[in-house]
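The values are calculated or read from the model by the stated rules, or taken from the named source; none is laboratory data. Since we're looking at a predicted model, the values are computed, not measured. We place every Cβ from the backbone using ideal geometry, glycine too, and count neighbours over all the protein chains shown. Just so you know, the surface numbers come from the protein's heavy atoms only, side chains and all, with ligands and any DNA or RNA stripped out. Shrake-Rupley method; radii C 1.70, N 1.55, O 1.52, S 1.80 Å.
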Amino acid sequence: MSINEYTPAPNFIRSIIAEDLRTNKNDGRVITRFPPEPNGYLHIGHAKSICLNFGLAAENKGRCHLRFDDTNPTKEDVEYTESIQRDVKWLGFDWGEHLYYASDYFEQLYQYAVELIKAGKAYVCDLTPDEVRAYRGTLTEPGKESPYRNRSVEENLDLFARMRAGEFPDGSRVLRAKIDMASPNLNMRDPVIYRILRVPHHRTGDKWCIYPMYDFAHPLSDAIEEITHSICTLEFEDHRPLYDWFLDQLETPGRPQQIEFARLNLTYTVMSKRKLLQLVKEGHVTGWDDPRMPTIAGFRRRGYTPEAIRDFCERIGVAKSNSTVDIALLEHCLREDLNKRAPRVMAVLRPLKVVIDNYPAGQVEELEAVNNPEDPQAGTRKIPFSKVIYIERDDFMEDPPKKFYRLAPGREVRLRYGYFIKCTEVVKDEKTGEVLEVHCTYDPATRGGSAPDGRKVKATLHWVSAEESLEAEVRLYDHLFNRENPDDVEEGKTFLDYLNPNSLEVLTSCRIEPSLATARPGDKFQFERLGYFCVDPDSTPEKLVFNRSVSLRDTWAKIAQQQTEG
């Protein structure tokens with residue numbers, strides 16, 4: 001089933017929105033938002049949020065805003081802003097004219113803070129960061145009030161204005177909300193809402209030396225944009241009382257409702273931006289778009305399609321409790337999509353030379369090959385056949401075990417779209433014993449892959465013509481980690497101890513059929529019998545470079561079948 005044939009599955013968020021529409025809450029409007037922090041590249045977990053927010057808006061004839069929560073200039077960069085926009089559009093979503101930044105609201109947020117001070121709901125605190133933490137208390141013990149908590153409104157207004165004017169050193173003062181230091185929810189114990197930070201902002205430059213905290217900027221930015229449903233991941237559930245508290249204290253254009261859902265966790269993967277940044281900075285991967293990374297950029301480079309990722313996000317659904325999804329399901333979604341769209345071609349990754357002794361020297365004939373049996377409109381192509389061809393080295397054994405049905409001395413096999421060939425001789429290196437080439441004969445009557453006399457063979461091999469084939473580099477990717485949950489570390493270890501040393505194998509002497517000469521970066525193919533591959537951006541007309549997107553073996557389909565049969 002294609003993703004376009006899906007009827008959106010019911011979930012608790014869809015039910016909330018349906019009830020809001022039934023009761024005409026928010027005057028029948030549905031406005032969602034995707035609010036990334038521009039401090040890294042988006043990963044597959046963000047893809048779930050993107051699909052959910054933009055999807056819910058589209059289903060209900062609403063709109064979804066893209067808003068950058070750029071309140072921490074120490075970690076933010078234009079590179080991340082640009083990559084996020086590129087990724088959202090690649091996934092198939094468009095925010096139209098509704099692109100916003102929290103920094104658009106810095107003046108308005110400052111004025112909201114002033115209103116809190118005037119209402120006696122915020123104060124300037126001189127405690128050091130360590131003292132603030134110490135005064136906060138624990139999960140079992142209440143916090144202790146700051147000695148600066150009862151400053152007058154006038155003093156707080158004066159100090160806050162001077163904080164903005166740059167009179168005080170970084171970290172020397174903060175503005176805190178005055179809520180309840182005995183609250184069982186630690187987020188409500190007079191949280192910091194502004195800090196002094198002399199760092200140029202990528203959009204506002206040196207205009208500001210104080211910046212709002214995320215928990216303050218986020219609900220108010222939602223309210224300014226009149227967001228109706230502020231959908232976020234489960235770790236923000238404990239922050240919801242604070243989210244609502246700010247909205248209760250201030251008059252804002254809108255009153256959004258925060259709704260939490262379970263974030264996406266994937267096997268053999270880490271999702272922490274901090275850990276992903278560490279992988280990049282320490283050179284464990286080649287960059288944010290390394291095909292082993294769980295970033296959207298990494299999946300795109302590896303050859304994933306937006307349709308496959310959207311399909312995956314719809315299939316895993318939306319839940320209220322955290323769980324981990326088997327990465328095999330994501331791979332299954334990609335296979336299903338590429339099976340329908342990817343042209344079939346022949347490539348030999350580890351070439352073994354085969355000489356067909358009774359084939360005319362110098363002759364090259366063209367055989368007809370099907371481009372995609374799943375797509376009747378895909379047509380056919382011509383592939384050259386000649387006296388010398390390459391097959392996979394693994395498709396030949398000099399002394400095969402009982403259940404090995406491929407080429408061996410005295411054995412006959414079928415060449416895909418070609419002829420039956422029979423092995424007659426093996427040429428080996430005298431010193432090492434390595435097989436250098438195999439000699440065969442062919443049966444001219446078997447062109448197209450069948451014998452007039454009805455004899456059968458047990459194996460069909462892919463191949464390429466030695467003279468006409470092109471050289472290519474092929475990169476075989478596996479999971480970046482060899483542990484199902486690399487975040488679950490043993491004592492004395494870190495997640496880096498579970499890096500898979502075999503996550504990348506580079507093959508530099510592969511041979512591919514000549515029809516691939518015009519392949520361009522991003523083009524996707526099924527290498528017959530080998531898997532799905534994508535042309536890498538490193539590719540040049542002189543030497544093509546392919547990434548393996550996914551193998552042909554579908555673990556998830558087997559698991560699903562076993563569960564059904566069980």
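Based on DSSP loop calls and a cut-off of at most 11 other Cβ atoms within 10 Å, the longest stretch of the chain free of exposed GluC sites (Glu not before Pro) is what? Here the longest run is 98-250. Qualifying trypsin sites (Lys or Arg not before Pro) in segment 1-98, where qualification requires a DSSP coil assignment and no more than 15 other C-beta atoms within 10 Å, comprise LYS61, LYS75. Of interest is the spacing of the C-alpha centroids, which for segment 78-145 and segment 493-509 amounts to 38 Å. A simple charge model with +1 on the Cβ of Lys and Arg, -1 on the Cβ of Asp and Glu and nothing else charged puts the dipole of the chain at about 740 debye relative to its Cα centre. Since only SER386, MET346, ASN322 are under comparison, the one whose Cα sits farthest along the positive direction of the charge dipole of segment 316-409, derived from C-beta charges on Lys, Arg, Asp and Glu, is ASN322.
Simple rule: put +1 on each Lys or Arg Cβ and -1 on each Asp or Glu Cβ in the chain, find the dipole, and look at SER551, PRO401, ALA57; the Cα lying farthest toward the positive end is PRO401. Rolling a 1.4 Å probe over the protein heavy atoms gives segment 264-339 an accessible area of 34 Å² per residue. Its Cα gyration tensor gives segment 47-131 an equivalent ellipsoid, and the semi-axes of that ellipsoid, as √(5λ) in whole Å with the largest first, are 33, 18, 12. Between LEU21 and ASN265, the contour length at 0.36 nm per residue exceeds the Cα-Cα span by 84.7 nm.
Of the solvent-accessible surface of segment 196-324, computed with a 1.4 Å probe and all protein chains present, 44% belongs to carbon and sulfur. Relative contact order for the chain: what percent, with Cα pairs under 8 Å and sequence separation of 6 or more? Computed over the chain, the figure is 12 percent. Think of the chain as a dipole: +1 on every Lys or Arg Cβ, -1 on every Asp or Glu Cβ, centred on the Cα centre; then among GLN108, GLY449, TYR243, GLY449 lies furthest on the positive end. Translational diffusion of segment 241-337 was estimated from the Stokes-Einstein equation, with Rh taken as the Kirkwood radius over Cα pairs; at 37 °C and 0.692 mPa s the coefficient is 205 µm²/s. Rounded to the nearest 20, the size of the Cβ-charge dipole of segment 346-489 about its Cα centre is 600 debye, with Lys and Arg at +1 and Asp and Glu at -1. Over segment 81-224, the hull volume per residue, using the convex hull of the C-alpha atoms, is 139 Å³.
Where the alpha-carbon atoms of segment 1-145 are placed on the principal axes, they occupy 59, 42, 34 Å, in descending order. Only Cα pairs under 8 Å and 6+ residues apart enter the sum, and on that basis the relative contact order of segment 431-566 stands at 22 percent.
Using a probe of 1.4 Å on the protein chains alone, the accessible area found for TYR268 is around 70 Å². In plain terms, the bigger the Kirkwood radius, the slower the diffusion; for segment 360-460, with that radius from Cα pairs, at 20 °C and 1.002 mPa s, Stokes-Einstein puts D at 141 µm²/s. Cross-link partners of LYS458 among lysines, defined as those whose alpha carbon lies under 29 angstrom from its own and excluding same-chain residues fewer than eight positions apart: LYS340, LYS353, LYS382, LYS387, LYS402, LYS403, LYS422, LYS428, LYS558. Overall dimensions of segment 45-89, expressed as equivalent-ellipsoid semi-axes from the Cα gyration tensor (√(5λ), whole Å, largest first), are 24, 11, 9. Mean sequence separation of contacting Cα pairs (under 8 Å, at least six apart), scaled by the length of segment 141-222, corresponds to a relative contact order of 25 percent.
Unpaired cysteine residues in the chain (no second Cys Cβ under 4.7 Å): CYS64, CYS125, CYS209, CYS232, CYS333, CYS423, CYS440, CYS510, CYS534.
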